[in-house]
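All remarks here apply to the structure that follows.
The values are calculated or read from the model by the stated rules, or taken from the named source; none is laboratory data. These numbers come from a predicted model, not from an experiment. Here the Cβ is made from the backbone with ideal geometry for all residues, glycine too, and neighbour counts use every protein chain on show. In case anyone asks, the SASA skips ligands and DNA or RNA and just uses the protein heavy atoms, side chains included. Shrake-Rupley method; radii C 1.70, N 1.55, O 1.52, S 1.80 Å.
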Amino acid sequence: MNPSLQLLLVLWISFEVSFTSRLTANLVFLILAIIVLLFHHLRFRQWLWLICGPFLPALALFVTIVAYSPGHDLHFGLVLVSRIYLYVMAGATVTFTTTPLKLAQSLEQTAHLPAKFAYGTLSAVNLLPKIKQEVTQIKAAALMRGVTLHLWSPTLYFKAILVAINWSDQLAQAIESHGFVEGHPRTAAHPITVHWYDWVLLTSGIIILQVLLIAFP
Amino acid sequence: MNKSHFGLRDVILLALIGIIFGVIYFAGDFVYNAVTLLLTPLGLGAAGNDFTMGLWCMAGPLAGFMLKRPGSAFLGEFLGAAGEMFLGGQWGAANLISGAVQGVATELGFTLVGYRFYNWVTILSTTLTTTIVTFAWDWFRNGYSHFALPILLACFAIRLISMFLFCGVLVKLITRLLERAHVIPNAQV
Amino acid sequence: MEYRIHQLTFTYQEQPVLVDLELTLNSGTLYLFSGRSGSGKSTLLKILAGLLPRYGGNLHGEITGAVPGSAALMFQDPSLQFALDTPRHEIEFALENLATPPDKIPQRVADALNFCQATHLADRRLVTLSGGEQQLVALAIIVAMDSQLILLDEPFASLDHNHRAQLLARLVELKNQGKTIIIADHDLQGYRQYKPTVIAFEKGHCHVLTDQEANRRFDQADELAKPLLAHLPDENGAPLFSFDAFELTTNGATLLTIDKLKLFKDRITLLTGESGSGKTTLFKALTKLHPYVGSVTHQGQEVRTIKAAPYARQVGLVFQRASNQYLNVTVNEELELSQKQGQNPFFTPVRVQMALEKLGLAKMGERVVYSLSGGQQKKLQLLVMLMMGQATLLLDEPFAGLDNQSIDVVWQLIEQSRAVCPQTLIIISHQSAGLASHIDYRLHLADHHLTYQGEQRHES
């Protein structure tokens with residue numbers, strides 16, 4: 001499916017189920033999302049991540065609702081748990097089935113997002129390994145001066161932001177040096193097409209959601 | 001809120017800051033898990049979310065204080081969330097929704113003071129709007145509407161304090177360092 | 001094609017960087033901008049590339065011949081010049097920016113990669129490439145874009161010999177195709193054979209050197225790079241660091257292996273080796289900032305398992321970039337922190353004041369450290385780290401950008417301090433001039449191996 005439309009559908013579903021509490025709709029789309037993911041042959045670690053990641057917040061909400069809230073509402077507790085897993089699994093159908101580059105290209109070509117947002121964010125994402133090293137190095141430099149930096153130390157953020165300012169300057173210059181001019185027309189080496197079935201999937205997804213929300217508990 | 005105010009360099013900077021914060025509070029994830037585990041048997045497990053909420057929302061107010069332009073707080077928060085989604089964070093595309101909600105919440109705080117002050121009044125304003133708007137969002141999304149009143153009040157108080165400490169005090173301290181280093185325009189100018 | 005620069009003046013934050021420049025650049029020529037850091041050569045490159053004054057500063061004067069988009073710049077830090085994940089995607093991105101028809105893009109990508117002998121890298125992830133490979137890709141982008149003016153800002157800073165030679169060969173071929181190539185480099189070593197036109201920059205002015213003058217500079221560069229005479233260690237005492245079947249890798253490629261080696265306590269050891277050979281990575285491994293395979297012990301304890309905080313009080317790293325060392329905003333705050341946390345008894349407040357005066361840093365207390373000049377930052381960095389007084393200091397290019405007089409002052413300070421508080425110093429330095437009288441041993445890193453250099457000491 002076209003990444004932009006897929007993202008739109010996932011956001012639409014996530015948004016709407018946030019304001020409704022229907023177990024059936026949650027479960028149907030949760031199963032659909034899992035089926036999509038099964039087709040994409042995720043690695044075992046990815047499944048583990050998807051299942052364990054939301055476990056604690058889901059459990060915490062469930063316990064609070066079912067055991068400690070006035071209604072002791074089991075149904076609503078299950079709605080919340082299924083909703084959280086739906087967010088994660090549906091979100092994963094976007095992030096695990098397409099690459100950041102494809103999504104960015106699609107957002108540029110299909111959704112007409114200005115290229116600077118697509119590629120600016122992408123270039124920052126690609127620096128992740130460097131960012132991790134830098135944060136470690138800032139902490140080490142502080143230790144060598146007898147200072148331990150914590151999550152709440154302004155200095156840690158200050159130093160990291162100084163680096164970010166420096167890097168964003170260099171990266172922006174490099175990207176412009178590669179011919180990028182804001183607002184200038186660009187061509188596409190990999191045109192991202194929108195097929196008729198993309199639209200069918202999007203609209204049928206939304207319609208099914210409405211039916212489930214209205215007609216089922 | 002004209003988007004053309006933000007150039008390529010600003011976009012990269014805001015996305016970088018969002019990702020850097022994500023890397024730093026990867027440790028925050030651990031804090032969240034520990035707090036949640038401790039509180040769950042007390043029926044306050046949901047408050048784990050409120051405890052660390054301030055950490056998750058820091059990129060927005062910081063961007064607002066750094067760039068001092070309408071839209072910067074929203075973009076800072078949203079691009080950070082988009083960055084995390086690209087990185088395959090555990091919440092995937094749902095990050096975008098929370099990012100947008102938190103972004104709007106923070107931006108509102110700057111709008112209320114008319115983008116004219118960047119001082120403690122602004123801190124109070126963003127703390128309040130961010131707490132209230134994100135709380136309202138969790139009212140629906142995380143089922144806070146069903147909570148018993150004491151738990152609800154506890155969650156709200158914890159979130160307010162978390163927001164004030166991280167998005168208020170800490171952001172102000174960071175901004176002060178950046179101003180003194182002359183890398184961002186001074187608040188008094 | 002000819003580029004003419006006329007009465008060009010550039011100021012940044014009210015400081016003149018380039019003053020009244022006059023210069024003509026011809027096509028089909030290889031130029032070498034020579035000068036110390038801060039002499040204005042990088043600034044001129046960025047002006048020619050059309051990045052300045054858009055990214056700050058004020059420009060007066062005129063440049064004729066440079067068409068916007070006809071110049072491409074290759075940057076010093078190879079890892080900060082890509083937006084996308086792989087070389088192929090990055091080149092496609094550049095061609096898309098130039099609105100190249102999509103059906104022409106694949107061929108031009110293939111040609112450019114082929115020209116740069118980088119086809120095998122096309123689909124690797126850029127973050128996993130070495131600095132040298134990344135610069136090859138950066139050149140491939142420039143080739144694909146068919147830029148007439150190719151600008152390179154210290155492009156070989158982190159490259160090993162092979163990649164440097166490979167890149168230069170490609171550049172010469174581009175020059176022969178009629179392109180204008182300008183390389184800015186503070187180090188002239190290894191350029192003589194390419195017969196560049198050398199333009200010397202000093203304090204914002206520049207002039208074209210005659211062949212004679214250029215040759216003199218090349219001679220000086222070669223002189224600086226001559227290996228130092230040293231003696232092999234003949235110590236039997238307990239070593240400070242001891243390597244055993246030690247191996248360092250980056251991105252899956254072996255950087256260096258050390259079978260067995262000892263580093264000695266309270267000695268000054270110079271660590272040499274060409275750029276990109278892994279010297280800095282070795283320092284990072286010794287300070288727990290880079291993983292390693294095998295074993296290296298510090299006073300008998302495996303480095304990997306030592307607790308970070310107490311270890312940081314024992315072994316300090318003086319970073320190549322001075323600003324990485326700083327934690328605060330002003331000079332005084334940095335000094336106060338080191339005074340408070342430092343363990344070197346030599347540095348009493350009075351002696352710190354004296355040191356500041358000798359280093360030319362007196363009365364700068366309220367200055368923002370990040371706004372100091374490169375040399376001042378370096379000197380302050382050395383002072384605050386000496387004050388910390390770790391028993392071992394690893395210094396990564398501590399003298400880069402310092403003039404000879406400053407280097408002498410730094411050595412005096414180190415010697416006075418060591419007389420009171422003995423320290424082990426391990427120093428990476430690409431310039432060995434003036435070091436011979438200070439160092440005890442010299443280690444050289446070449447072909448992935450680290451060995452002591454010099455002659456057997458004869459007892460007299």
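Odds and ends about this structure:
- Selected residue (criterion: most open to solvent (accessible area, probe 1.4 Å)) from residues of segment C:83-107 that are more than 7 Å from chain A (Cβ to nearest Cβ) and closer than 29 Å to C:ASP160 by Cβ: C:ARG88
- Count - residues of segment C:207-233 that are open to solvent by 70 Å² or more (accessible area, probe 1.4 Å), in a loop (DSSP other than H, G, I, E, B) and modelled with pLDDT under 80: 3
- Within segment A:76-104, tally of residues that are among the basic types (Lys, Arg) and surrounded by 23 or more Cβ atoms within 10 Å (Cβ to Cβ): 1
- Filtered residues of segment C:277-305 (kept if among the β-branched types (Val, Ile, Thr), open to solvent by less than 20 Å² (accessible area, probe 1.4 Å) and away from every other protein chain (no Cβ under 12 Å)): C:VAL296, C:VAL303
- Pairs where the first residue, in segment C:10-36, is at negative phi and in contact (Cβ under 8 Å) with a residue 24 or more places away in the chain and the second is surrounded by 13 or more Cβ atoms within 10 Å (Cβ to Cβ) and of a type in the set (Phe, Trp, Tyr), C-beta under 7 Å, 6+ apart: C:VAL17/C:PHE10; C:LEU18/C:PHE10; C:LEU25/C:TYR3; C:LEU25/C:TYR31; C:LEU30/C:TYR194; C:LEU32/C:TYR191; C:PHE33/C:PHE201; C:SER34/C:PHE201
- Meets criteria (open to solvent by 20 Å² or more (accessible area, probe 1.4 Å), more than 9 Å from every other protein chain (Cβ to nearest Cβ), assigned to a helix (DSSP H, G or I) and modelled with pLDDT of 90 or more) for A:LEU107: yes
- For segment A:170-199, a residue qualifies if it is open to solvent by 40 Å² or more (accessible area, probe 1.4 Å), more than 7 Å from chain C (Cβ to nearest Cβ) and among the charged types (D, E, K, R), and exactly one does: A:GLU182.
Each row is one residue, and each column tells you yes or no for (1) assigned to a helix (DSSP H, G or I); (2) in contact (Cβ under 8 Å) with a residue 12 or more places away in the chain; (3) in contact with a helix residue (DSSP H, G or I) (Cβ under 8 Å, 6 or more places away or on another chain).
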position	(1), (2), (3)
A:THR148	no, no, yes
A:TYR157	yes, no, yes
A:ILE175	yes, yes, yes
A:GLY179	no, no, yes
A:HIS190	no, yes, yes
A:LEU201	yes, yes, yes
A:GLN210	yes, no, no
A:PRO217	no, yes, yes
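- Residues in segment A:41-59 include none that are modelled with pLDDT under 90, open to solvent by less than 60 Å² (accessible area, probe 1.4 Å) and β-branched (Val, Ile, Thr).
- Residue check, A:ILE161 open to solvent by 60 Å² or more (accessible area, probe 1.4 Å), hydrophobic (A, V, I, L, M, F, W, C) and either farther than 30 Å from C:PRO106 by Cα or at pLDDT 90 or above (or both): no
- Condition check for B:GLY45: surrounded by fewer than 24 Cβ atoms within 10 Å (Cβ to Cβ), small (Gly, Ala, Ser) and not in a helix (DSSP H, G or I): no
- Residue within segment C:238-247 that is on the phi > 0 side of the Ramachandran plot, in the same structural domain as C:HIS298 (by TED's automatic domain parsing), touching a strand residue (DSSP E or B) at 6+ places or on another chain (Cβ under 6 Å) and loosely packed, with under 13 Cβ neighbours inside 10 Å present: yes
- Some residue of segment B:162-173 being modelled with pLDDT under 85 and either touching a Ser or Thr at 6+ places or on another chain (Cβ under 6 Å) or of a type outside the set (Asp, Glu) (or both): no
- Check on B:LEU165, under 24 Å from A:LEU149 (Cα atoms), assigned to a helix (DSSP H, G or I) and either facing chain A (nearest Cβ under 9 Å) or open to solvent by 70 Å² or more (accessible area, probe 1.4 Å) (or both): yes
- Considering residues of segment C:313-346 that are touching a Cys at 6+ places or on another chain (Cβ under 9 Å) and open to solvent by less than 40 Å² (accessible area, probe 1.4 Å) only, the residue nearest to the other protein chains (Cβ to nearest Cβ): C:ASN344
- Only residues that are under 21 Å from B:ASN49 (Cβ atoms), outside any loop (DSSP other than H, G, I, E, B) and of a type in the set (Phe, Trp, Tyr) were counted in segment B:100-152, giving 5.
- Total residues in segment C:373-395 satisfying the condition of being out of contact with any strand residue (DSSP E or B) (no Cβ under 8 Å at 6 or more places or on another chain) and either within 19 Å of C:LYS340 (Cβ to Cβ) or modelled with pLDDT under 90 (or both): the figure is 8.
- Set A:TYR68, A:TYR119: member being closer than 22 Å to B:ILE20 by Cα and within 9 Å of chain B (Cβ to nearest Cβ): A:TYR119
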